[in-house]
Amino acid sequence: MNRCRSLTAGAVVAGLLASGAAFAQGGRDGGPGGPGGRAGGRGPMMAGAGLALRGLDLTETQQQQVRDIRERYRQDTQQAALRVREAMQAQRAAADAIPVNEGAIRSTTFALAEAQTEAAIQQARINSEIWTVLTAAQQEQVRKLQADREVRAEQRGNRQRPSR
């Protein structure tokens, strides 16, 4: 169970970080090309941003500032995502090894947690800088969109769990 959670969390962080790098490439609202600032129209949130910026009517200046912030962190974000992927692969290999080597599993799991922590801190720094670009009204709108997103995620989780 813990292994599954670690792998899932790692995959989420790696995906967020990788898509954050793609976001830095530009497009409407600072996102990748396509309608709504999202390639493929996958949803209302910007990929990897952690902040719900779509629909905030960012000014051109704000959009450029967000792109600049993402570009400034681009290389660090890519490196963090790579470290998470490599740590996940090492943990997977340790867990699949026969005979069981608990020490290797523990050490690779610790390394994965450390990589995920660093990636999360990196994303938090980016979000914090982007936050300062937003007006008070936009910040309030982001809070509401995040709360709505959490409610939807909880509802999805409840639907996926079988009743007992």
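The values are calculated or read from the model by the stated rules, or taken from the named source; none is laboratory data. Only a predicted model underlies this, so the values are computations on that prediction, with no experimental measurement involved. All Cβ positions, glycine included, derive from the backbone under ideal geometry; neighbour counts span all protein chains shown.
Points to keep in mind about this one:
- Inter-residue pairs, beta-carbon under 8 Å, first under 15 Å from TYR73 (Cα atoms) and in the range 122-151, second of a type in the set (Phe, Trp, Tyr) and modelled with pLDDT of 95 or more, 6+ apart: GLN122/TYR73; ARG125/TYR73; ILE126/TYR73
- Only residues that are assigned to a helix (DSSP H, G or I) and either modelled with pLDDT under 95 or under 25 Å from GLN139 (Cβ atoms) (or both) were counted across the range 57-112, and they come to 17.
- Qualifying residue in the range 130-146 (condition: surrounded by 11 or more Cβ atoms within 10 Å (Cβ to Cβ) and not in a helix (DSSP H, G or I)): yes
- The residue pairs whose first member lies in the range 75-100 and is small (Gly, Ala, Ser), whose second member is surrounded by fewer than 16 Cβ atoms within 10 Å (Cβ to Cβ) and modelled with pLDDT under 95, and whose beta carbons are closer than 8 Å, counting only pairs six or more residues apart or on different chains, are ALA95/ARG3.
- The combined condition, being surrounded by 14 or more Cβ atoms within 10 Å (Cβ to Cβ) and within 27 Å of ARG83 (Cβ to Cβ), is fulfilled by GLN123.
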